[in-house]
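Scroll down for the structure; my scribbles are underneath it.
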Amino acid sequence: MQEIKKDIFWVGKVDWDLRKFHGDEYSTHRGTTYNSYLVKDRKTALIDTVWSPYGDEFVANLEKHVDLKDIDYVIAQHAEVDHSGGLAALMERIPDTPVYCTKNGVKSLKGHFHRDWNFMPVKTGEKLSLGTRELLFIEAPMLHWPDSMFSYLTEENILFSNDAFGQHLATGKLYNDLVDQAELFQECIKYYANILTPFSALVEKKIDEFKSLNVPVDMICTSHGVIWRDDPLQIVSKYLEWSGNYKENQITIVYDTMWNGTKNMAEAIARGIESADDKVVVKLFNISHSDKNDVVTEVFKSKALLVGSPTINRGILSGVAGFMEEIRGLAFKEKKAAAFGTYGWSGESVKMISEGLRSAGFELLDEGIKALWNPDESSLKECEESGRKIADKTK
Ligand code: FEO
């Protein structure tokens, strides 16, 4: 428990051990935190809890600092179990305490816990008085679940933003100005790229809506990672930048290979791009040897994506197929793309990847490039030439 402002306490859990999140879907190289906050006033409110495995530990820690019966309100901003998990243990002890959440929150919490707690559904603009301060609720549907909401604490000017503006970074330092800035922003952009990309239009709208409330923000207390206290709106500016179909001067090449033929094509295409444009950043990833969430982050930063696979069984390698599914769901916008790959006889891979890229929303730069068997010198020259053309078309 750490006091972050007078009578406002961080009561969460730092999870240094976590390396995979959302099952095995999201890599957390730097662990994470589950942030929960206790606000004491004439009334006491608890905002969010922690992931289920830490529920008992959370409640045991909490009751060292507050009599659980003195908690008047539980605010459940989001039902995903990394924040609501601790409710199961907590509500066993204080079953009648009202749980404030959105209408969709009631559905998701019931869906997860199968309990009929004393739910108090709230809408945007509704307030809950704690005595000298009020909590103002702001629904944030699809940022990133239908039930998500923010809460703003008047007088203290704190925005409790749940997942938004968070990042998977374990730290005992608590605040944004006390951690390594490169690590912090790497985790922020990875979080945005992998989780929030499909909801970018809503991000922009929600930020505009919040700005129109015209309320000061001294702190943004997210549910993962650091509390933004030093220039807290810097992360809001970053979100506005990222939500606008973000791209840097980068081309990312993602491939898989069986006997290095497609790898050699990838490297020849990269040489071609770099020979035609000495400014553009080119990055290559063998998807089967790479962390897919880190690769998605690189795609997020790119103006173009090139995807390669040899043909196997009239299709593509499974590592590339998994990656194609990943980028389909993320629905990137305003990015260009092309396919490449080797083949021995039937040769479907390039067409299949091109179709996948088109239907994922990428603009195709060309019809793709194929090389028969192991690419010889003239095939590699074609790849280099193709790279030069791609550089020109994406300048
Ligand atoms: Fe959507 Fe951190 O859970």
Going by alpha carbons, how many degrees (0 to 90, nearest 10) lie between the helix axis of 200-212 and the longest principal axis of the chain? 40 degrees
Cα-based reach from Lys205 at 19 Å (exclusive), listing lysines while leaving out same-chain residues under 8 positions away: Lys123, Lys238, Lys333
With axes computed from alpha carbons, what is the tilt in degrees of helix 181-191 against the longest principal axis of the chain, rounded to the nearest 10 within 0 to 90? 80 degrees
Calculate, in nm to one decimal, what Lys393 and Ser346 gain on full extension: separation in residues at 0.36 nm each, minus their alpha carbon distance. 14.0 nm
DSSP beta bridges in the chain, what fraction antiparallel, as a percent rounded to 5? 45 percent
Roughly how many debye, to the nearest 20, is the charge dipole of the chain about its Cα centre, given +1 on each Lys and Arg Cβ, -1 on each Asp and Glu Cβ, and no other charges? 620 debye
Working from Cα positions, state the angle (0 to 90°, nearest 10) between the long axis of helix 103-113 and the longest principal axis of the chain. 90 degrees
Expressed in nm to one decimal, what extension gain is obtained for the pair Val281 and Thr132 from 0.36 nm per residue of sequence separation less their Cα-Cα distance? 48.3 nm
What aspartates and glutamates sit close enough to Lys381 to cross-link, taking a C-alpha to C-alpha distance under 16 Å and skipping anything fewer than 8 places away on the same chain? Glu267, Glu274
Candidate lysines - alpha carbon under 22 Å from Lys13, same-chain residues fewer than 8 apart omitted: Lys5, Lys40, Lys64, Lys69, Lys173, Lys190
Report, in deg cm²/dmol and to the nearest 500, the calculated mean residue ellipticity at 222 nm for the chain, where each DSSP H run with n ≥ 4 adds -39500 (n - 2.57) and the sum is divided by the residue count. -10500 deg cm²/dmol
Taking a ≥ b ≥ c as the square roots of the Cα gyration tensor eigenvalues, with a/c under 1.5 meaning rounded and otherwise prolate when a/b beats b/c, else oblate, which class fits the range 246-350? oblate
Out of the total accessible area of the chain (probe 1.4 Å, heavy atoms of protein only), what percent is carbon and sulfur? 49 percent
Under the rule a/c < 1.5 gives rounded, and otherwise a/b versus b/c splits prolate from oblate, where does the range 27-147 land using the Cα gyration tensor? rounded
Peptides 204-215, 12-23: what's the order by average Cβ count within 10 Å, highest mean first? 12-23, 204-215
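By its C-alpha gyration tensor, with a ≥ b ≥ c as the square roots of the eigenvalues, how is the chain shaped: rounded for a/c under 1.5, else prolate for a/b larger than b/c, else oblate?
prolate
The values are calculated or read from the model by the stated rules, or taken from the named source; none is laboratory data. These numbers come from a predicted model, not from an experiment. For neighbour counting, all protein chains shown are included, and Cβ atoms are generated from backbone atoms with ideal geometry for every residue, glycine included. Side chains are part of the model used for accessible areas, which takes the heavy atoms of the whole protein and leaves out ligands, DNA and RNA. Shrake-Rupley method; radii C 1.70, N 1.55, O 1.52, S 1.80 Å.
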